[in-house]
Each structure stands twice: as structure tokens, then as C-alpha cells.
Amino acid sequence: MGRYSRALAPAFADVAGVSAGRHVLDVGCGPGALTAELVRRVGADRVSAVDPSEPFVEACARRNPGVRVMQGPAERIPFADASFNAVLAQLVLHFVSEPAAAVEEMRRVLKPGGVIAACVWDFSGGMEMLRAFWVSALTLDPAAPDEMGNRRFGRDGEIARLFESAELSSVVSGALEVEAAYEDFDDLWAGFLGGVGPAGVYCASLNEAARNALREELRSRLGSPSGRFSLPARAWYALGRS
């Protein structure tokens, strides 16, 4: 997923209006795909980041020297009130246990007039790589989990409604379109073999024969690419002001 997150980060930072001179917080930073884009725009000394995973905190800090990276959940952000001009949450809200509490925390650390922005992949079908994987899995195994149908905030307007219910002002929403390139099908397939994320966990749970069958089903569904190819992805976003 990293190549998609890196492709998404500039587009997301654009719609959030991140520019030089602002202090910015990356909520749920993971290993730092968005953090790196924020550093390019405003400088490491004006970027902070938070994530509940200690390994991700360590990875983000290592990859982005000078950024203050803290461990903590979105529902309890470990920064002072009114610290940031912009608070961004890229591909995070569908993992958060209490989204309303997370938005309230993002508002707490935001300076008056600042912007809160969040985005999540379009799980209704706009994330082609995951859609093709899970359709392939369900074709071979009707008992496979339906990741595309069960994720919150993966449909148009869901994040905006969350922001409106939190009484953020000037809420706007829309779609961000990106794509990721692969050298060949094996480059794509290798990403599922590490056991990371729901797709990777499911793939790792299969025996060798079932895993090979899934590989061939997915390859066929993608048109049996023999060389370099790209897959599109769409994320829904919303932003609002304090």
C-alpha cells in the first residue's frame, strides 16, 4: 500500500492547503508517507506526527529527521491545545475506534481558523488493486472476508457527514484520483506475501495450492499483464474548519 500512500500524499496536502509557514500535524502517520510530503512543503521543524504503533513511530522518525513523532491514538492526541494550523489524517479514520472522539481531538489541537482534513480509500470500488484482490478471493472462496464492503468512511460523503456532525464549519468534500505503477505482476503479488494488512493476512492463511490459485485468478482478472502496468485508486476526502 505504500506506493499508493506516497502517490496520494501530494494531492491530499494540496486540497488541505498545506503551504510554507504553517505548523502541521499528521494523525495516524504510519511509516511516514504523508509526513515526508509535509516536510517538503513546510520543513521538518514545522511538522509533528502521531501514531499508536511504536514500530511506525520509530520508522516515521527515522525517515523524517527533525519531525517530532509521538506515540498515541487519534482519540488521545499527545499535543497541546491550539498547536497547529492544519491537522491531516490520511487513510486513518476507518481504523479509528471512536471517530467522533478523534475529530474532537483534532479540533482541540487546531488553532482557531485552522483546517482539519481526512481521506479514506473508496472501498466501494475505486481502489482497483484491493477490489481485484477481494473479488478474486471471493470467487474462489465465498467465505473470504469482504474487506471492500465492511470499511467505514470508504464511500462518498461519509467523512463529510462525520465532520458536519462534529459541527466543523465550511465542510467540503470530493475525490482524489491517483495511480500506482508496477514493474510486472510479480511486483504486485509480492506485496500480498508479507502478511501485512487484511489482504496479506488472508493470503498468508491459505495453503500453497489455494494461494497459487488466488494468484492466477487475480492475474487473469487484471488482464494477465506481462510487463509494466498501472492501477488507479480513488480516495474520498473532506475538510472543515474549527
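A short reminder: the numbers here are calculations on the coordinates, not readings from a lab. None of the values given here were measured: they were computed from a predicted structure. No Cβ is skipped: glycine too gets one built from the backbone with ideal geometry, and neighbour counts run over all protein chains shown.
Across all directions of projection, what mean area in square nanometres is found for the Cα convex hull of region 15-55?
For region 15-55, averaging the hull's shadow over all directions gives 2.8 nm².
If every alpha-carbon in region 30-153 counts as one equal scatterer, what log10 I(q)/I(0) does Debye give at q = 0.10, 0.12, 0.14, 0.21 1/Å?
-0.38, -0.53, -0.69, -1.19
Calculate how steeply helix 33-42 sits against the longest principal axis of the alpha-carbon atoms of the chain, using the helix alpha-carbon long axis, and give the answer as 0 to 90 degrees to the nearest 10.
40 degrees
Order 77-86, 113-122, 216-225 from most to least packed using the mean count of other Cβ atoms within 10 Å.
113-122, 77-86, 216-225
Given a cut-off of under 8 Å on Cα pairs at least six residues apart, what relative contact order in percent is computed for region 142-242?
Here the relative contact order equals 47 percent.
Among V109, L93, V67, pick out the residue whose Cα is farthest towards the positive end of the charge dipole of region 46-124, where Lys and Arg carry +1 and Asp and Glu carry -1 on C-beta, about the Cα centre.
V67
Compute the helix-to-body angle for 128-140: its Cα long axis versus the longest principal axis of the chain, expressed 0 to 90° and rounded to tens.
That works out to roughly 40 degrees.
To the nearest 20 Debye, how big is the dipole of the chain about its Cα centre, given +1 on the beta carbon of each Lys and Arg and -1 on that of each Asp and Glu?
Computed charge dipole of the chain: roughly 620 debye.
Output the peptides 61-70, 206-215 sorted from most to least packed, where packing is the average of other Cβ atoms within 10 Å over each peptide's residues.
Result, highest mean first: 61-70, 206-215.
If R₀ is 25 angstrom, what is the calculated FRET efficiency for the pair S53 and S230, using the beta carbon separation as r and rounding to 0.05?
0.30
In terms of modelled amide H atoms, which long-range or inter-chain residues lie less than 5 Å from the amide H of M70?
Those qualifying (amide H under 5 Å, at least 5 residues apart or on another chain) are A49, V50, D51.
As an exercise, use a Förster radius of 35 Å and the Cβ-Cβ distance of A175 and N207 to find the FRET efficiency, rounded to the nearest 0.05. Let's see the in-between values first.
Working: r = 39 Å, r/R0 = 1.11.
E(calc), rounded to 0.05, equals 0.35.
State, as an integer percentage, the relative contact order of the chain based on alpha-carbon contacts under 8 Å between residues 6 or more apart.
Normalised by residue count, the contact order of the chain is 20 percent.
Compute the whole-percent fraction of alpha carbon pairs in region 2-241 spaced more than 23 Å apart. The partial results should precede the final answer.
On the way: 14434 of 28680 pairs.
Counting pairs separated by more than 23 Å, the tail of P(r) holds 50 percent.
Given axes a ≥ b ≥ c from the Cα gyration tensor, I'd like to know whether region 188-242 is rounded (a/c under 1.5), prolate (a/b larger than b/c) or oblate.
Oblate is the answer for region 188-242, as a/c is 1.5 or above yet b/c matches or exceeds a/b.
Could you check what % of the DSSP bridge pairs in region 2-241 are antiparallel, to the nearest 5? Numbers along the way, then the final one.
Details: 20 of 37 bridges.
Counting DSSP beta bridges with both partners in region 2-241, the antiparallel share is about 55 percent.
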